[in-house]
Amino acid sequence: MKVRVWDLPLRLFHWALAACVTVSIVTGLSGGNAMQYHFWSGYTLIALLVFRLVWGVIGSQHARFRNFVRGPRAVLRYVRGDDPRPEHLRVGHNPLGSLSVIALLAVVTLQVVSGLFANDEIFNQGPLAIYVSNRTSAIFTFYHTTIGQPLIYALVGLHIAAIAYYALVKRQNLVRPMLTGDIDTVAGVTPARDTWGLRGLALLIVAAGGALAWWISTLGSVGGY
Ligand code: HEM
């Protein structure tokens, strides 16, 4: 039977996140005039991350952090193939996948925050760089370009490799549920709430995140936008 597992706001968040991270990588590598779009996709990422943080507390069942963040013991048990949960409770992120979800959200957040304080000493400067010393800005820039960037490549690569592994080896299509919201599962699984009321609330949260991003953008970027 079909059961809703990912609510619409979470799915839209996911694909918007993937799109913005891609745009940020391409524009960051291109430099020059493309930096305008690098800044804009960074500001969009602020709105998305604010949404995901709040959704992790008040979103539907499988979007909530407390329902998928697991300790090392649960992860080890899962890896050994010894998952004590009955089948109808094995929905949402699995204990290992949840590690990659948290890591992805954390590195993208660090990348955005470090970008706000970074500067390239020529044309571009994040909007908050003027509020810290040159040395501090240089540390943020070092993180943004030398640590965060390869970390994001590695984690996104791992993420996509894991999804390919599930598709090819375990014959489990994880992408379709991230598009349609539904999985085929056993009876007894509680569906995720995905009402228009909740979707409206999600829109308000994204709007609040967008307002925060706009306000940050007005604080003083140079070269940037
Ligand atoms: C072709 C590209 C991508 C595909 C096919 C893809 C697919 C998926 C799928 C199927 C899931 C659900 C996994 C599960 O069942 O537990 C997922 C979750 C997730 N993906 Fe991707 N993904 C892609 C790109 C990205 C990128 C670029 C990022 C960002 C850096 C990203 C970040 C995430 C996050 C944070 C989650 C957890 C969703 C949440 O609970 O917030 N993905 N992805």
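Does the stretch 25-61 hold any residues that are free of Cβ contacts under 8 Å to residues at least 40 places away in the same chain and among the polar types (S, T, N, Q), and which are they? The answer is Thr27, Ser30, Asn33, Ser41. For the stretch 170-185, the set of residues classified as loosely packed, with under 14 Cβ neighbours inside 10 Å and either assigned to a helix (DSSP H, G or I) or in contact with a strand residue (DSSP E or B) (Cβ under 9 Å, 6 or more places away or on another chain) (or both) consists of Val175, Arg176, Leu179, Thr180, Asp184, listed by residue number. All conditions in (1) farther than 22 Å from Ala213 by Cβ; (2) without any contact (Cβ under 8 Å) to a residue 24 or more places away in the chain hold for Gly97, with the sole exception of (2).
Pick from Ala106, Ala138: which is within 11 Å of the ligand (Cβ to nearest atom), out of contact with any Pro (no Cβ under 7 Å at 6 or more places or on another chain), part of a helix (DSSP H, G or I) and modelled with pLDDT of 95 or more?
Ala106
Which residue is surrounded by the fewest Cβ atoms within 10 Å (Cβ to Cβ), if the candidates are limited to the stretch 4-15 and must be over 9 Å from the mean Cα position of the chain (by Cα) and part of a helix (DSSP H, G or I)?
Trp15
In summary, Arg52 fulfils each of the numbered conditions (1) over 27 Å from Arg176 (Cα atoms); (2) among the charged types (D, E, K, R); (3) surrounded by 13 or more Cβ atoms within 10 Å (Cβ to Cβ) with the single exception of condition (1). For Leu151, the conditions (1) more than 17 Å from His93 (Cα to Cα); (2) within 16 Å of the ligand (Cβ to nearest atom); (3) of a type in the set (A, V, I, L, M, F, W, C); (4) part of a loop (DSSP other than H, G, I, E, B) all hold with the exception of (4). For Leu198, are the conditions met, namely being at pLDDT 95 or above, surrounded by 12 or more Cβ atoms within 10 Å (Cβ to Cβ) and under 19 Å from the mean Cα position of the chain (by Cα)? Judged against the criteria, Leu198 is not a match.
Every listed requirement among (1) within 17 Å of Val206 (Cα to Cα); (2) touching a residue at least 60 places away in the same chain (Cβ under 8 Å); (3) not aliphatic (A, V, I, L, M) is met by Cys20 save one, (2).
The values are calculated or read from the model by the stated rules, or taken from the named source; none is laboratory data. Values in this document were obtained by computation on a predicted structure and should not be read as measured data. Methodologically, a virtual Cβ is constructed for each residue, glycine included, from the backbone with ideal geometry; neighbour enumeration extends over all protein chains shown.
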